[in-house]
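Colleague: Below is a structure I'd like to ask you about.
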Amino acid sequence: MHMPPPADIYKINSDGSFDPSNRSGVWGFVVRDNCGEVLAARVGNITYAASSLQAEAIAAYKSISFMQHALYDPDNLGDGCYNSCFCSRIKMH
């Protein structure tokens, strides 16, 4: 049975995709709260990737980097494609 995370924990799902024919890829992630509400999401291109593992690692890195910025510099998150309540709801542990 699925158990949602505690109210002050956010779940990040990230994924990367690799195209070996041109050695490029894409990355993406979504941040959800304990109710499953999407709080933030991002996608991007990978100009050069050596493998699918590297594409996955880039996706994980991008999600961690986003969360770091959300915690420490919430007013400078770029295009603003995130829930406006998101940054006020994050708690540092």
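The values are calculated or read from the model by the stated rules, or taken from the named source; none is laboratory data. Bear in mind the structure is a predicted one, so any value in this text is a computation, not a measurement. Virtual Cβ from ideal backbone geometry, glycine too; neighbours counted across all protein chains shown. Just the protein is used for accessible areas: all its heavy atoms, side chains included, with ligands, DNA and RNA removed. Shrake-Rupley method; radii C 1.70, N 1.55, O 1.52, S 1.80 Å.
Colleague: Among the residues of the range 2-16, what is the count of those that are more than 9 Å from Ala49 (Cβ to Cβ) and either in contact with a strand residue (DSSP E or B) (Cβ under 9 Å, 6 or more places away or on another chain) or among the polar types (S, T, N, Q) (or both)?
Modeller: We begin by selecting, within the range 2-16, every residue more than 9 Å from Ala49 (Cβ to Cβ); these are 2-15.
Of the ones still in play, those that are also either in contact with a strand residue (DSSP E or B) (Cβ under 9 Å, 6 or more places away or on another chain) or among the polar types (S, T, N, Q) (or both) are 4-5, 10-15.
Within the range 2-16, residues that are more than 9 Å from Ala49 (Cβ to Cβ) and either in contact with a strand residue (DSSP E or B) (Cβ under 9 Å, 6 or more places away or on another chain) or among the polar types (S, T, N, Q) (or both) number 8.
Colleague: When you look at Ala70, is it assigned to a helix (DSSP H, G or I) and in contact with an Asp or Glu (Cβ under 7 Å, 6 or more places away or on another chain), yes or no?
Modeller: On the way: assigned to a helix (DSSP H, G or I): yes; in contact with an Asp or Glu (Cβ under 7 Å, 6 or more places away or on another chain): no.
In short, no.
Colleague: Residue check, Tyr72 against (1) of a type in the set (Ser, Thr, Tyr); (2) under 26 Å from Asp19 (Cα atoms); (3) modelled with pLDDT under 95, all met but one. Which one?
Modeller: (2)
Colleague: Kindly indicate the residue of the range 1-44 that is outside any loop (DSSP other than H, G, I, E, B), open to solvent by 40 Å² or more (accessible area, probe 1.4 Å) and among the hydroxyl-bearing types (Ser, Thr, Tyr) and also nearest to Met67 (Cα to Cα) among those meeting that condition.
Modeller: Filtering the range 1-44 for residues that are outside any loop (DSSP other than H, G, I, E, B), open to solvent by 40 Å² or more (accessible area, probe 1.4 Å) and among the hydroxyl-bearing types (Ser, Thr, Tyr), the one nearest to Met67 (Cα to Cα) comes out as Ser14.
Colleague: Take the residues of the range 52-71 that are touching a Phe, Trp or Tyr at 6+ places or on another chain (Cβ under 6 Å) and of a type in the set (Gly, Ala, Ser): which is surrounded by the most Cβ atoms within 10 Å (Cβ to Cβ)? Don't jump to the end; show me each part of the working.
Modeller: Taking the range 52-71 first, the residues touching a Phe, Trp or Tyr at 6+ places or on another chain (Cβ under 6 Å) are 52, 55, 58-59, 62-63.
Narrowing further to those that are of a type in the set (Gly, Ala, Ser): 52, 55, 59, 63.
Values: Ser52: 14, Ala55: 20, Ala59: 25, Ser63: 22.
Filtering first and then ranking leaves Ala59.
Colleague: If you don't mind, another one. Does Ser52 satisfy the condition of being over 14 Å from the mean Cα position of the chain (by Cα), modelled with pLDDT under 90 and at negative phi?
Modeller: In short, no.
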